[in-house]
Amino acid sequence: MLPTPDEPSAPRWTLVLLVSLFAASLLGSTASAQDDPTAPTESPRVTGSILFKDAPALLDPSGSSVNWRVPAPGLAREPQLPLEQMFVVLSRSDAEASDEAERVELTVGGYAVSPLTLAARPGVALTFTNAGPTGYTLKSVGRAAIKDIELTEPGKAAEMTLEKPGRYVFQDLQHPSVLVYIVVMDKVATSSLTQTSPTKATFDLGSVAPGSYQLTTYLRGKPIDEREIKVSSTGAAPIEFLLTGEDLLEALD
């Protein structure tokens, strides 16, 4: 028998019932996630910025003296900051050691090393690869006991492990611009800098667990500013550093 116009058909009632059950299930799962204290939550992020005041143009990484690359007279150009020589590190004294060995790949070519600066945990395994057309020999500056990194021909690679915390500098004495600054420490996170204006750069250290940390800014592997911060379960307020040209020059003495 066909249903009357005022009487819904069985398929329609079935569809209404299925939609109702789906909505109830969705609301129930959402409420459970909100009420369950053990449900996983995203760790708060640590972000911030560095403001530069009276800072000269880009630092020249070549040689031992402090030079500044300044645009030629009459050349319209925004000042550049020494960002490739700087990074920010988050650390804590009670951080748990990682069982996984850290590995870092470095490329040597074009009379430079990439990355130019880096922070790594003790026991880091470094691999240097010669991607240029000529040979290089990187020597440890100030640490005579460390063997040379021999990249005497294109395509050659060399490995090295750094176990002890500290600052390491490797440089090719024949090609002074071929150098790298490495800080070995019990780090939690590290971030490079992104220039957002002629006088400002930002950093993002990612998500970290709540706790007390030390935040340090490095230039050429030397600390130039540090402070204690606390990260709560709701995160930390954006952190701001102010660095002057004098601060940068003092760090390079």
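The values are calculated or read from the model by the stated rules, or taken from the named source; none is laboratory data. The shown structure was predicted, so the numbers you read here are calculated from the model rather than taken from an experiment. Cβ atoms come from the backbone with ideal geometry, glycine included; neighbour counts cover every protein chain shown.
Worth a mention:
- Filtering segment 192-205 to residues that are out of contact with any Gly (no Cβ under 9 Å at 6 or more places or on another chain) and either within 12 Å of PRO44 (Cβ to Cβ) or in contact (Cβ under 8 Å) with a residue 24 or more places away in the chain (or both) leaves SER192, LEU193, THR194, GLN195, THR196, PRO198, THR199, LYS200, ALA201.
- Residue list for segment 208-227, filter: touching a helix residue (DSSP H, G or I) at 6+ places or on another chain (Cβ under 8 Å) and farther than 15 Å from LEU248 by Cβ: none
- Taking the numbered list (1) in contact with a His (Cβ under 8 Å, 6 or more places away or on another chain); (2) at pLDDT below 95 in turn, TYR136 passes all entries but (2).
- Residue match in segment 154-175 (condition: within 22 Å of the chain's Cα centre (by Cα) and at pLDDT below 90): no
- In the set LEU205, LEU138, only one residue is within 17 Å of LEU106 (Cβ to Cβ) and either surrounded by 15 or more Cβ atoms within 10 Å (Cβ to Cβ) or of a type outside the set (A, V, I, L, M) (or both); that residue is LEU138.
- Positions within segment 192-201 being closer than 12 Å to PHE52 by Cβ and in a strand (DSSP E or B), in sequence order: GLN195, THR196, SER197, LYS200, ALA201
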